[in-house]
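Take a look at the structure set out below.
Read-outs throughout are calculated quantities, based only on the coordinates presented, and are distinct from any laboratory measurement. From a predicted model like this one, the values you see are computed outputs, not experimental measurements. Don't worry about glycine lacking a Cβ; one is built from the backbone with ideal geometry, like all the others, and counts go over all protein chains shown.
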Amino acid sequence: MRLLAVLLVALSGCGLQPLKTGKVDPGVSQLQVKAQSVINEGYRLLAASDKEIGQSAADGIFTPDDAQVYLNRAIASRKKLDGYQKLLNSGDINAVLSGANVEQLVADALLKEVLARAIAAKKKPTTQFEEFSPFLATA
Amino acid sequence: MVSELVLGEVAQLVVAGIQAYRLTNNEATIGAEVDERDKQGATMAQITEFLRSNAIKEEVDAQAKIDTARGG
């Protein structure tokens with residue numbers, strides 16, 4: 001069963017279409033488009049993480065303190081992406097491609113960690129058993 | 001006894017499935033919104049600004065939910 005949960009985490013995000021980049025000005029190089037795509041994907045991953053963190057806090061899956069730690073990491077990651085965006089706007093593409101790629105990996109790792117943690121937190125046999133099988137409590 | 005154990009495991013799988021679906025769905029929803037903007041002729045800068053603004057909005061929403069969970 002743990003293997004299945006891990007597989008679900010691993011599969012999360014798979015099969016998603018790459019983000020569209022929008023209209024590209026004629027003077028913009030393919031490398032710039034690539035750098036922008038990396039940054040944009042990072043923003044998408046972080047937004048999905050933020051949503052999951054908030055919902056998990058609301059559902060009581062994460063304690064408020066734990067959720068805050070995750071959210072602070074997501075915010076720090078987003079601010080780094082903002083920095084790479086400024087570099088890209090100033091034309092420093094190589095710095096962006098190396099740095100933003102790393103930050104996208106960080107954002108991806110955060111997303112999967114949040115999900116894995118949420119799943120692990122739900123592995124409480126008595127409470128989840130009652131939650132999902134209330135009819136058995138009376139059997 | 002066996003059936004109770006199996007049901008417990010199934011319940012765990014259901015929870016895991018819901019979480020994975022919800023997360024993937026969150027990402028897919030953002031992708032669909034970007035698709036729509038792309039179709040409407042948005043520029044690369046506008047798409048980026050949308051994604052950045054959306055991330056910040058979700059940060060604010062998450063913070064509000066955490067604060068509510070704290071009882072604040």
Long-range amide H partners of residue B:43 with built H, under 5 Å: A:23
Using a cut-off of 15 Å between beta-carbons, work out the net charge of the residues near residue B:45 (Lys and Arg +1, Asp and Glu -1, residue B:45 not included). +1
The distance between the Cα centres of segment B:41-72 and segment A:72-112, in whole Å, is 16 Å
Between A:81, A:104, A:67, whose Cα lies farthest towards the positive end of the dipole of segment A:55-121 when Lys and Arg beta carbons carry +1 and Asp and Glu beta carbons carry -1, centred on the Cα centre? A:81
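Quick check on packing: order A:17-26, A:68-77 by the mean number of other C-beta atoms within 10 Å, highest mean leading.
A:68-77, A:17-26
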Beyond 24 Å between alpha-carbons counts as too far, so tell me which of A:86/B:39; A:23/A:51; A:80/B:57; A:86/B:57; A:79/B:39; A:34/B:65 fall in that bin. A:86/B:39; A:23/A:51; A:79/B:39; A:34/B:65
Segment A:62-75 - phi-based ³J(HN,Hα) in whole Hz, Karplus 6.51/-1.76/1.60, Gly and Pro as x: 9, 6, x, 5, 5, 4, 5, 4, 5, 5, 4, 5, 5, 5
Phi-derived 3J(HN,Hα) across segment B:37-54 with the Karplus relation (6.51, -1.76, 1.60, θ = phi - 60°), rounded Hz, x for Gly and Pro, is 5, 4, 4, 7, x, 5, 7, 4, 5, 5, 5, 4, 5, 4, 5, 5, 4, 5
